[in-house]
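Take a look at the structure set out below.
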Amino acid sequence: MRYLRAALGDRLTSEELGLLPAGFDRVGDIVSVSLPPELMHRAPEVAQALLELKDVRTVALREGGIAGRLRRPRIRVIAGGPSTETTHREGGCLFKLDVARVMFSPGNLYERARLPKLVGPGEVIVDLFAGVGQFSIPIARHARPSRVCAIELNPVAYGYLRENIRLNRVGHIVRPLLGDCSTVAPRGVADRVVLGILHVTHRYLPLALEVLKPSGGVIHYHESVPSGLRFERPVKRILQAAAGREVEIVGKRVVKRYAPGVDHVVVDARIGSSTG
Ligand SMILES: C[S@@+](CC[C@H](N)C(=O)[O-])C[C@H]1O[C@@H](n2cnc3c(N)ncnc32)[C@H](O)[C@@H]1O
């Protein structure tokens, strides 16, 4: 990475410079970075260099992926202030969250900006995996839905979701619901359903179809998929779940590279009426 290489050029050996990570994440005033084991002894220098970036208060080390059903990150503060709570400003929205307790992916930035542009006036949206409001808040701020139902299972994320609804003054549009979407999602109401989760998304396709109005609507289906199967597998899964209902694929894009050889993709599918 150019910044770290330049900042540490006179302190690290050329071998160590070659091990520097390709990037770092920034959420609010917190920067998080992963280091390979061979560079861990240089964590203090890397942290100090990142702390010198403009408006950075805290530097944290990412130690492995995001854990479990509640998507809890594994991170540890290595420099700066100890608090991992921050407020991230993006596209005219505020997202308050604790980066050590809930997930917020800087790599989904374009998707958070794209989705509101697809929402028509008066639509009812159901966001099955709302997190801290990553999709629900921009939709409520930048589109003109009549209602957004934002469902979240993790009580910590749900607390921030409620706070973000308040901070962004969208309480008249976004209705937060705490619980498992399989149980608490309203059925037969939505023009558009957002399935913003990875790994298990296909299991929730039958639910998403139930949540749509009987006349049909659009689903935004996210999946982590081997690059070779990039759109083939998600489209196949949608067609399977639709079981004979009309399906039109109206959009597909790679959101980000998830891991080596694995992409995070989103497929937008218009599902026809359930009554044929
Ligand atoms: C990976 S985060 C994504 C948040 C947001 N949709 C995004 O894409 O940025 C997934 C969220 O879904 C929540 N979640 C997982 N299973 C759930 C379920 N069955 N019902 C409701 N929320 C769930 C997790 O707690 C987590 O906050």
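Assorted remarks:
- For segment 161-177, a tally of residues being more than 9 Å from the ligand (Cβ to nearest atom) and open to solvent by 20 Å² or more (accessible area, probe 1.4 Å) returns 10.
- Reported count of residues in segment 95-141, each being without any contact (Cβ under 8 Å) to a residue 60 or more places away in the chain, open to solvent by 10 Å² or more (accessible area, probe 1.4 Å) and near the ligand (Cβ under 7 Å from one of its atoms), is 1.
- Hey, ARG144 charged (D, E, K, R), part of a loop (DSSP other than H, G, I, E, B) and farther than 26 Å from VAL262 by Cβ or not: yes
Here's the yes/no breakdown for (1) outside any strand (DSSP E or B); (2) under 20 Å from the mean Cα position of the chain (by Cα); (3) within 17 Å of VAL124 (Cβ to Cβ):
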{"position": "ILE197", "(1), (2), (3)": "yes, yes, no"}
{"position": "PRO214", "(1), (2), (3)": "yes, no, yes"}
{"position": "HIS220", "(1), (2), (3)": "no, yes, yes"}
{"position": "ARG237", "(1), (2), (3)": "yes, no, no"}
{"position": "VAL254", "(1), (2), (3)": "no, yes, no"}
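- Extreme residue, farthest from the chain's Cα centre (by Cα), among residues of segment 83-121 that are over 21 Å from PHE24 (Cα atoms) and in a loop (DSSP other than H, G, I, E, B): PRO121
- Subset of segment 144-155 (residues that are open to solvent by 40 Å² or more (accessible area, probe 1.4 Å) and either of a type in the set (A, V, I, L, M, F, W, C) or away from the ligand (no atom under 15 Å from the Cβ) (or both)): ARG144, SER146, ARG147, LEU153
- Test set (1) within 13 Å of the ligand (Cβ to nearest atom); (2) open to solvent by 20 Å² or more (accessible area, probe 1.4 Å); (3) at pLDDT 95 or above - ALA208 fails condition number: (2)
- In segment 183-199, residue nearest to TYR158 (Cα to Cα) [restricted to those that are modelled with pLDDT of 95 or more and surrounded by fewer than 14 Cβ atoms within 10 Å (Cβ to Cβ)]: THR183
- The condition (being open to solvent by 50 Å² or more (accessible area, probe 1.4 Å) and either among the hydroxyl-bearing types (Ser, Thr, Tyr) or within 16 Å of the ligand (Cβ to nearest atom) (or both)) is satisfied by just one residue among HIS222, HIS202: HIS202.
- A single entry from VAL156, VAL102, VAL148 fulfils the requirement of being more than 30 Å from ALA47 (Cβ to Cβ) and either of a type in the set (Val, Ile, Thr) or touching a Pro at 6+ places or on another chain (Cβ under 7 Å) (or both): VAL148.
The values are calculated or read from the model by the stated rules, or taken from the named source; none is laboratory data. As the structure is a prediction and not an experimental result, all values here were calculated from the model. Reconstructed Cβ throughout: ideal geometry from the backbone, glycine too, with neighbour counts over all protein chains shown. Please note that ligands, DNA and RNA were not included when accessible areas were found on the heavy atoms of the full protein model with its side chains. Shrake-Rupley method; radii C 1.70, N 1.55, O 1.52, S 1.80 Å.
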